[in-house]
Every structure is written in structure tokens, then in C-alpha cells.
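Reading through the C-alpha cells given below for one structure.
Quick note: the coordinates plus some simple rules give every number you see, no bench work behind them. Just so you know, these numbers come straight off a predicted model, no measurement behind them. Using ideal geometry, Cβ is built from the backbone for each residue, glycine included, and neighbour counts are taken over all protein chains shown.
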Amino acid sequence: MRLLAFGGWGQLGSDLADVSEGRVELIRPRRSETDVTDPDRVEAVVTSTRPDVVLDAAAFHKVELCEQDPARSFAVNALGPLHVARSARRAGARYVFVSTDYVFDGAVSTGYREDDPPTPVNVYGISKAAGERAVGLACPDSLVVRGSGLFGHAGSSGKGGNFVETMLSKARAGDAISVVDDQIFSPTSTRDMAERILLLLERSVPPGIYHVANSGTCSWYRFARTIFELAGLEANLSPRQAVDEAVRRPKNSVLLDTRSAALGLPTARSWQDALRWYLSVDRPVLPAGGPG
Ligand SMILES: NC(=O)c1ccc[n+]([C@@H]2O[C@H](COP(=O)([O-])OP(=O)(O)OC[C@H]3O[C@@H](n4cnc5c(N)ncnc54)[C@H](OP(=O)(O)O)[C@@H]3O)[C@@H](O)[C@H]2O)c1
């Protein structure tokens, strides 16, 4: 399989490169070579590489910046995927769009199924929901793959690191750490997400939406507490409520996977197991990155 990945040098893209070795021919144009907001350039790259699958993990996803710049948010998160999806369809390739739990408002305490209608509460979520809709229409053979609270060894390029490393560096510095305890989600290892994406493609699953978070749920506070427990670190950690936040975020954006069992796919491992694995691997020192 030849897989062309836009946004392929970030946190998820780095793990995609690792899991692709010996299995998939992966082509990852840099943003400086191909910006997904440039349809002609996207078309030229898709045409010249003749991929079986095109994946779009490019994103403008700092939620505060998205709020200030809806035009850019839509350009990268909605129009970009539309351009890529149209080129994929013309090339006869499958298309994979990487999306987010932030397409939901979090008002449902039981979590969200793949077919629940999007109800985003901020510009980032609205732009990704628009992207999801656009790609489904532009390229019928599309997979929309949603993750939540990604953590991977490369750290998020768009957010400047990841939450795990932020917590570890604050604890090591002896900082007082206060983390929201009323936003519930399903942490997602980018290694596991990358592996699941390849599995979905290798099994030729039907088009549609897939939830690929790790199993289980937690608040950001509980996630932080578990990071310290597993890393064996003492931390001055306290819970707080999400009040007066600059940008609204979903209260409960747990992604339910209701499709894997019917497709004969294994259940994702727990977020605790994925976190334990993450911490057991030697990794570069990353800058800080925040939630969501
Ligand atoms: N991080 C999370 O917590 C989270 C949660 C749920 C869903 N997601 C989704 O998961 C996906 C991957 O996230 P990630 O954490 O791996 O992101 P990331 O580390 O920020 O990587 C994004 C990649 O996209 C590239 N990119 C940005 N704008 C682009 C553009 N206009 N044209 C082409 N490439 C562009 C970036 O290149 P540069 O480095 O050169 O800018 C980078 O390689 C995104 O679609 C995101 O919306 C993320």
C-alpha cells in the first residue's frame, strides 16, 4: 500500500512513520512543500505520487488561536481536507481524515457514538465538523478517524508539545499544578491511533466514521494524577473546575467505539496501558503542550 500523508511530520505522523516501516510505503510531504490550503499543489502531489490512500492529519488546532482566527481555522481544517479529498477521489484513492472529539459539545454524560450528530462549541470544533462533512461529500470512499487528547513521543507540532510532558516538567520543577477535573475524555496514544489507522486500511473497512481513542475515560486531573503515579513522581497537584475559560471546551467528549467488534477488530488497549508504554520508552525532551 502506498500512503500519502499530509500533516505527516507531527505527533501522529511520526508514529505513523514508525508503524509503517516494512509494511506501507509512506510519503510525507512537508508543509513547506505542500500546504493543504493550496488545491493546485495538493492535486499535483496526489497526481504525481499515485497513492492508494491519502491521509490528512494537517490541522490548525490551538483552540484559542482558532477562536481568534476562524478564517485560518476553516482554511486548514475544513477547506484543506476538502481539497485533499477531491484530489483523492480523482486519483481513485481512499481518503482518511483525522478528526477530533471536539466536534461534540460534551452535554451527553454517556459519551458519543460515531453516528451522533456533531454539536461543536468552539471554532476549532466547528471547522473540523465542517471538514468531516466536506470530505464525506467530496470523496465517498472516506474514513473519518476521531481521536481525543492525543499524546505521542514526537509531541504536537501545532500545540508545541504534549500534556504528559508538560505535567512531568512542571512536577520536576516543583511547580504547583492545577488541572481541570470536570472535563472528561478518552486519552489517545498516537502510536495506537497510527496502528489502528493502518489496521482499518489493511482490513479494507467500509467508509465512515471511526472512533480510535484508547479504552476508558478520565478527567484531565485524573490523567495528570496517573502520569505522576506511573512515573513515580511526587507532584503538588490539585483539581480545579473549568470556569472562566477563554474558550468553551466539551465537558464530556468520550468517544465510544461501537464499530470494532462488528468488524472483528480488537478493542483498543486502555489509556493506562498506553500511558505506561509511553513512559517506558526513552524519548526526547519536549516543550510543554496543553489539554485538548
Ligand atoms: N493533539 C490533540 O490533542 C488532538 C486531539 C484530537 C484530534 N487531533 C487531530 O489529530 C490530528 C493530528 O494531530 P497532531 O497532534 O499529530 O498534530 P501536529 O503534531 O500539530 O501535526 C500537524 C501536522 O500538520 C502540519 N500542518 C499544519 N498546517 C498545515 C497546512 N496548512 N498544510 C500542510 N500541513 C500542515 C504540521 O506541519 P508544521 O509542523 O510544519 O506546522 C504538522 O506536521 C489533527 O488533525 C488534529 O486535529 C489532535
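The figures follow:
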item: Residue range of the chain that is longest and free of GluC sites (Glu not before Pro) which are both DSSP loop and sparsely packed (at most 13 other C-beta within 10 Å); result: 34-233
item: Filtered trypsin sites (Lys or Arg not before Pro), the range 164-229: DSSP coil and at most 11 other beta carbons within 10 Å; result: R203
item: Fully extended contour minus Cα-Cα distance, from S169 to A231, at 0.36 nm per residue; result: 21.2 nm
item: Spin-label proximity, D18 to the range 174-209 - amide N less than 14 Å from point 7 Å beyond Cα toward beta carbon; result: 189-196
item: Per-q log10 I(q)/I(0), the range 48-143, q = 0.13, 0.15, 0.21, 0.22 Å⁻¹ (Debye; single scatterer per alpha-carbon; no solvent); result: -0.44, -0.58, -0.98, -1.04
item: FRET E, pair L256, S280, Förster distance 22 Å, beta-carbon r, rounded to 0.05; result: 0.20
item: Cα principal axis extents for the chain, largest first, Å; result: 54, 40, 39
item: Rg followed by Dmax, in Å, when the range 162-272 is reduced to its Cα trace; result: 16.5, 49
item: Förster-model FRET efficiency, 35 Å R0, D38 and S238, C-beta, rounded to 0.05; result: 0.15
item: The range 222-234 - phi-based ³J(HN,Hα) in whole Hz, Karplus 6.51/-1.76/1.60, Gly and Pro as x; result: 5, 4, 4, 4, 5, 4, 5, 4, 5, 7, x, 10, 7
item: Gain in span if fully extended, Q68 to T110, counting 0.36 nm per residue against the direct Cα distance; result: 12.0 nm
item: Student exercise, the range 167-280 dipole from Lys, Arg, Asp, Glu Cβ charges, in Debye to nearest 20; result: 120
